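This report refers to the structure that appears directly beneath it.
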Amino acid sequence: MTLPTWMPTIVEAIYFIAAVLFIWGLKRMSSPRTARTGIVWAGAGMAAAIIVTFFLPGMHNLGWMIAAIVIGVVLSWIVGRRVPMTAMPQMVALFNGMGGGAAAAIGAVELIKFNAALKLVPDTSPIQPEAWADVAGRLGTTELVLAFVGVLIGAVSFTGSLIAFAKLQGWMDRRFVFPLQRWVNLAIFAAAVVCGALALAAGIEGHAFEWGLLIGFIVLSLVFGIAMTLPIGGADMPVVISMYNAFTGLAVAFEGFVLQNEAMIIAGMVVGAAGTLLTQLMAKAMNRSLGNVLFSNFGGGGGAAQQEIAGALKPIDASDAAVMMAYAERVAIVPGYGMAVAQAQHKIWEFARLLIDRGVKVKFAIHPVAGRMPGHMNVLLAEAGVPYDLIEDMDDINPEFPNTDVALVIGANDVVNPVARTDKNSPIYGMPILDVARAKNVIVIKRGRGKGFAGIENALFYADNTRMLYGDGQAAASGLVAGLKTLDG
Amino acid sequence: MITGFLALYIFMLAAFTGYEIISRVPVILHTPLMSGSNFVHGIVLVGAMVALGHAETPIEIAIGVAAVLLAAGNVAGGYVVTERMLEMFKASKPAASQSAEKMR
């Protein structure tokens, strides 16, 4: 197939338009009113960029290419369509990991080609300039450095995201901690860097490097991604996923430079920067620094003696709880991820509407990291049809808790644990929490006596003004609705 | 050909653009936006196609196919997930105003 000579120019022009559309799309996604059209614009840019790439000169393996695209698109499309909204965070992790893996694979292919070409150059010292010039044209020093860095970052993002996915999906034990873990991880990282640096130094000088060095570099990078993510507790996963999202962006930008592809450079860099900022915002919402998230083994049991919690758990049944709230003046509903998992948001909203009809003032109190990521709970409540004006952020609702007659906690745990304020030895000490403990009465819907995602006892559950309503979120919410209805009936 | 400082300028301007886009976003949009940016780096598919398109040996082709497969998954999955999340915002808007009226 021969292509007209102006084709590369068309391709370049489309790449430019795609880059504009990505930025425009992300810009629109940053406001609730225009968010929906944003993804469509970005999608149009993406589709155009992918189609014109087929028309670049000298493309081979088109059969393989089309097959791989069709399989990848169809599988992800089906999975992405089918998963429940609650599983969205791990889906982001999964798809992000795939992007990181792709970036690393691109770097690997380019480095293999480069080294294979170098192997054909007679290895004399100094290198004969005429033999070297042809190979050096493929990858200059900057490209070589960025190719290696891109492989490292992309590989870490790949395996790290897959571990994050497995953890959020509940496929893996939540923590994997052993003594001197940090030093082991550091050693793995250092070994990867040494392998990469040796190969890189040889490549820059014009000497072919041993394949073992490249293989070692890639394998160690992949292992480091796993080792780095294993000790991080589930509660910190959103921050980690966001960080890997930024990593993938950077890897894409670097490999884009290696391939001299402007659309990849710009899109990758925009995501790298946006992802970094987003990671900081998330870490800040949890009052933790990024270093703290990565290296403190959060929720690893604390180590130091935590304060004993005195008191007993006092159960309540659904009809009593319903009556208590029916005659209250103000009720605050504090939903957590547990509510979403139980798919109880629709029932809870039904219950809230019945309360509103009785003249009770109902508010939904959302912790910044309720659910699994900032804004995740808002999405889930929006799905159930809860209007925006009933949803309050932590800073707005916290002063109102002392005037709240009943706080109904459903499926939230760590974000309402007063230990974060009182116990300096607790791993969550200093994390901003919803001040539920200051409400006049607290009802906690909970499946059993288990601990939260962070693995810490919750002092709120043992407080004098707290009653436990045991049961699955969905069943408990149905019980509350039934309780209200008998009251009216 | 992008070289040296020109590349640095592109990196720098793109980084500021990304930073600016996110810096004034309400918390409720953090998750969709993260998902959206996850979709945008799916542009890696274009690079994967180029790498596979110029692959010659079986090992290069194998890694190239893996790259295209993974990148295609990133693109399609990223789009679907983001679209589904943002759909919620459309559905909730009229519902919000309706029930707000009901309450009065």
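State whether one or more residues within the range A:229-243 are over 24 Å from A:A117 (Cα atoms) and of a type in the set (D, E).
First, the residues of the range A:229-243 that are over 24 Å from A:A117 (Cα atoms): A:229-243.
Filter again for of a type in the set (D, E), leaving A:236.
Yes, the conditions are met somewhere in the range A:229-243.
For A:A251, all conditions in the list (1) closer than 19 Å to B:F39 by Cβ; (2) out of contact with any helix residue (DSSP H, G or I) (no Cβ under 6 Å at 6 or more places or on another chain) hold save one; what is the number of the exception?
Result: A:A251 fails condition (2) only.
Restricted to the range A:355-388, and to residues that are among the small types (G, A, S) and in contact (Cβ under 8 Å) with a residue 24 or more places away in the chain, which residue is farthest from the other protein chains (Cβ to nearest Cβ)?
Of the range A:355-388, the ones among the small types (G, A, S) are A:359, A:365, A:370-371, A:375, A:382, A:384-385.
Checking the rest, the ones that are also in contact (Cβ under 8 Å) with a residue 24 or more places away in the chain come to A:365, A:370-371, A:384-385.
Working: A:A365: 14, A:A370: 10, A:G371: 8, A:A384: 9, A:G385: 5 Å.
Residue satisfying both the conditions and the ranking: A:A365.
If you take the residues in the range B:1-57 that are of a type outside the set (S, T, N, Q), out of contact with any Gly (no Cβ under 6 Å at 6 or more places or on another chain) and not in a helix (DSSP H, G or I), which one is nearest to the other protein chains (Cβ to nearest Cβ)?
B:V25
Kindly indicate whether A:G45 is surrounded by fewer than 21 Cβ atoms within 10 Å (Cβ to Cβ) and of a type outside the set (S, T, N, Q). First the steps, then the outcome.
Numbers: surrounded by fewer than 21 Cβ atoms within 10 Å (Cβ to Cβ): no; of a type outside the set (S, T, N, Q): yes.
Judged against the criteria, A:G45 is not a match.
Has the range A:67-88 got at least one residue that is within 7 Å of chain B (Cβ to nearest Cβ), under 25 Å from A:T5 (Cβ atoms) and either in contact with a His (Cβ under 9 Å, 6 or more places away or on another chain) or surrounded by 14 or more Cβ atoms within 10 Å (Cβ to Cβ) (or both)?
Pass one, the range A:67-88, residues within 7 Å of chain B (Cβ to nearest Cβ): A:68-69, A:71-73, A:75-77, A:79-81, A:88.
Right, trim to under 25 Å from A:T5 (Cβ atoms) and you get none.
No, that holds for no residue.
Of all the residues that make up the range A:393-439, how many are within 14 Å of chain B (Cβ to nearest Cβ) and without any contact (Cβ under 8 Å) to a residue 60 or more places away in the chain?
4
Within the range B:19-54, track down each residue that is over 12 Å from the mean Cα position of the chain (by Cα), of a type in the set (V, I, T) and modelled with pLDDT of 90 or more.
Correct list: B:V46, B:V50.
Would you say A:L200 is on the phi < 0 side of the Ramachandran plot, away from every other protein chain (no Cβ under 14 Å) and buried (at least 20 other Cβ atoms within 10 Å of the Cβ)? Outline the logic, then answer.
Working: on the phi < 0 side of the Ramachandran plot: yes; away from every other protein chain (no Cβ under 14 Å): yes; buried (at least 20 other Cβ atoms within 10 Å of the Cβ): yes.
Considered against the rule, which asks whether it is on the phi < 0 side of the Ramachandran plot, away from every other protein chain (no Cβ under 14 Å) and buried (at least 20 other Cβ atoms within 10 Å of the Cβ), A:L200 comes out as yes.
Suppose we filter A:L390, A:L434 for residues that are at pLDDT 85 or above, closer than 25 Å to B:P26 by Cα and surrounded by fewer than 22 Cβ atoms within 10 Å (Cβ to Cβ); which single one remains? Even if it seems obvious, please write down each step before you answer.
On the way: A:L434 fails: surrounded by fewer than 22 Cβ atoms within 10 Å (Cβ to Cβ).
Only one candidate passes the filter, namely A:L390.
Conditions (1) closer than 22 Å to A:Y15 by Cα; (2) in contact (Cβ under 8 Å) with a residue 40 or more places away in the chain; (3) of a type in the set (A, V, I, L, M), marked per residue:
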residue: B:I10; (1), (2), (3): yes, no, yes
residue: B:F16; (1), (2), (3): yes, no, no
residue: B:M34; (1), (2), (3): no, no, yes
residue: B:V68; (1), (2), (3): yes, no, yes
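Quickly run through the range A:244-272 and pick out the residues that are surrounded by fewer than 24 Cβ atoms within 10 Å (Cβ to Cβ), outside any helix (DSSP H, G or I) and touching a residue at least 40 places away in the same chain (Cβ under 8 Å). Spell out how you get there, then give the answer.
Going residue by residue through the range A:244-272, those that are surrounded by fewer than 24 Cβ atoms within 10 Å (Cβ to Cβ) are A:259-260, A:262.
Right, trim to outside any helix (DSSP H, G or I) and you get A:259-260.
If the condition is that a residue be surrounded by fewer than 24 Cβ atoms within 10 Å (Cβ to Cβ), outside any helix (DSSP H, G or I) and touching a residue at least 40 places away in the same chain (Cβ under 8 Å), then A:L259 is the only one that fits.
Regarding A:V184, is this residue at pLDDT below 95, in contact with a helix residue (DSSP H, G or I) (Cβ under 9 Å, 6 or more places away or on another chain), closer than 25 Å to B:G4 by Cβ and part of a helix (DSSP H, G or I)?
On the way: at pLDDT below 95: yes; in contact with a helix residue (DSSP H, G or I) (Cβ under 9 Å, 6 or more places away or on another chain): yes; closer than 25 Å to B:G4 by Cβ: no; part of a helix (DSSP H, G or I): yes.
Taking the combined requirement at face value, the residue does not satisfy it.
Take the residues in the range A:240-285 that are over 20 Å from A:I163 (Cα atoms) and among the aromatic types (F, W, Y), then tell me which one is farthest from the other protein chains (Cβ to nearest Cβ).
By that ranking, first place goes to A:F254.
Among (1) surrounded by 20 or more Cβ atoms within 10 Å (Cβ to Cβ); (2) in a helix (DSSP H, G or I); (3) of a type in the set (V, I, T), which single condition is A:I445 missing?
All conditions are met except number (2).
Select from the range A:1-48 the residues that are over 26 Å from the mean Cα position of the chain (by Cα) and under 22 Å from B:G78 (Cβ atoms) and write down the one among them that is nearest to the other protein chains (Cβ to nearest Cβ).
Going through the range A:1-48, the residues over 26 Å from the mean Cα position of the chain (by Cα) turn out to be A:1-17, A:48.
Cutting the leftovers down to under 22 Å from B:G78 (Cβ atoms) gives us A:14-17, A:48.
On the way: A:I14: 10, A:Y15: 8, A:F16: 12, A:I17: 13, A:A48: 11 Å.
The extreme case among them is A:Y15.
Can you tell me which of B:A76, B:A62, B:A72 is more than 23 Å from A:A87 (Cβ to Cβ), modelled with pLDDT of 90 or more and of a type in the set (G, A, S)? Spell out the reasoning first.
Numbers: B:A76 fails: more than 23 Å from A:A87 (Cβ to Cβ); B:A72 fails: more than 23 Å from A:A87 (Cβ to Cβ).
Result: B:A62 is the single residue among B:A76, B:A62, B:A72 that is more than 23 Å from A:A87 (Cβ to Cβ), modelled with pLDDT of 90 or more and of a type in the set (G, A, S).
The values are calculated or read from the model by the stated rules, or taken from the named source; none is laboratory data. Here the structure is a predicted model, which means the values were calculated and not measured. In this analysis, Cβ positions are derived from the backbone assuming ideal geometry, glycine residues included, and neighbour counts consider all displayed protein chains.
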